[in-house]
Amino acid sequence: MGGDGGVPIRWGRGYLGAMDLPTAIIEACRRRDPLHETGELTGYRLFHGEGDGVPGLTIDRMGELALIERSASLEVVVEEIADLLLRNAPVSRVALRGARREQRGPHPAPMESLRGETVTGPLEILEHGLRFLTAPDERRASGFFFDTRPVRRWLRSHSSGRRITNTFAHTGSLGVAAAVGGARSVLHIDNKRSPLEVAAEHHRRNGVPLDERSFLKGNVYQQLGRAGRRGVKVDGVVLDPPPVVPRRMAPRAPVGQDFPQLASLAAPLLAEGGWLLCCFNREDRSHEEGEREVLEGAGVPLRIVERGTSGIDFPATSPERRLRWSVFLRG
Ligand SMILES: C[S@@+](CC[C@H](N)C(=O)[O-])C[C@H]1O[C@@H](n2cnc3c(N)ncnc32)[C@H](O)[C@@H]1O
């Protein structure tokens, strides 16, 4: 593919036609100028696929690194994308996640460095004074979700003095934001041990207290049910379930983002004045439908006090293709 950037983009069963790749990347970088310019933020999405004009291309900034993920149809322009990024984004290193076609053997490397110093191991990013680790060389996900940045901001200013349960915690970023915001206690629940170990490291890096009771490796459905039977009360619950839940992990209709069931387990744990924060990301549900599922499933009176979406680094062609989140107050 030549340097003029005319890229035929595969789209469904056809092609979108020639797309001017340099313009799409330069515009995406300019759109994020407000993010580049605050020295306090060094981790965010630099290019968001269809929302930035090129389906199948995502690029994340992780400190000095731009990490490219692309569909097979964009393989031929990867080198050109790397040079465009060095010229237009505040990065000095570029890497590609996933092997190129000619390198896909039985054990393909998860990541290839394209420009600048070779990347090995996790990289720290800054987010408005918070420190988190990203893992660009992990095979499947980088351990950190940039689209929940506005949720972390909300949690930081609404958790003071509260007992918070952070379900589907992964590497704990939402609970850490609550802890930095002065939460009395934070309990992270996830069914995998290794992300919880990173969550503990996130507590240490952000100077917020933790002990072994801060982490529970287990099934959220079972743990919330057990806490309810014991009469446990908390002042905040974060529900950020994955879009798809493995069948063995959910007792009933495990379709993922199963808010009727999750709300019925979580809302009764809330003390008077406690809040439930839900992250919605199913493309087949509107924000309002997700909220209705929570309100109807809760079994206790809740009212919506806040709603939001992801930041400017996640432009989307329709509202359902973005993260949406709402906060419900008990009482
Ligand atoms: C979308 S991630 C959550 C992201 C997280 N809130 C953050 O800020 O990084 C989903 C997490 O839920 C966990 N998970 C999925 N099903 C679960 C279940 N039934 N019980 C406990 N954890 C579960 C996965 O291991 C994964 O870490």
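The values are calculated or read from the model by the stated rules, or taken from the named source; none is laboratory data. What you see is a predicted model, and the numbers here were worked out from it, not measured in a lab. Note: ideal-geometry Cβ built from the backbone for every residue, glycine included; neighbour counts use all protein chains shown.
Quick notes on this one:
- Residue match in segment 216-237 (condition: more than 12 Å from the ligand (Cβ to nearest atom), in contact with a Leu (Cβ under 9 Å, 6 or more places away or on another chain) and over 17 Å from Gly274 (Cβ atoms)): no
- Note on segment 187-200: among residues that are more than 18 Å from Tyr221 (Cα to Cα) and in contact with a strand residue (DSSP E or B) (Cβ under 7 Å, 6 or more places away or on another chain), the one that is surrounded by the most Cβ atoms within 10 Å (Cβ to Cβ) is Ala199.
- Residue that is nearest to Gly274 (Cα to Cα) [pool: residues in segment 109-149 that are surrounded by fewer than 15 Cβ atoms within 10 Å (Cβ to Cβ) and within 14 Å of the chain's Cα centre (by Cα)]: Ala141
- Qualifying residue in segment 289-311 (condition: modelled with pLDDT under 95, over 20 Å from His188 (Cα atoms) and of a type outside the set (Ser, Thr, Tyr)): no
- Test result for Gly172, closer than 16 Å to Leu126 by Cα, crowded, with 21+ Cβ neighbours inside 10 Å, within 14 Å of the ligand (Cβ to nearest atom) and of a type outside the set (Ser, Thr, Tyr): yes
- 1 or more residues hydrophobic (A, V, I, L, M, F, W, C), modelled with pLDDT of 85 or more and in contact with a helix residue (DSSP H, G or I) (Cβ under 8 Å, 6 or more places away or on another chain): qualifying helices (runs of 4 or more DSSP H) within segment 1-112: 21-31, 78-88
- Those strands (runs of 3 or more DSSP E) lying entirely in segment 156-227 with at least 2 residues over 26 Å from Pro268 (Cβ atoms): none
- Per the listing Gly98, Gly182, Gly175, the residue uniquely under 20 Å from the mean Cα position of the chain (by Cα), among the small types (Gly, Ala, Ser) and not assigned by TED's automatic domain parsing to the domain that holds His48 is Gly175.
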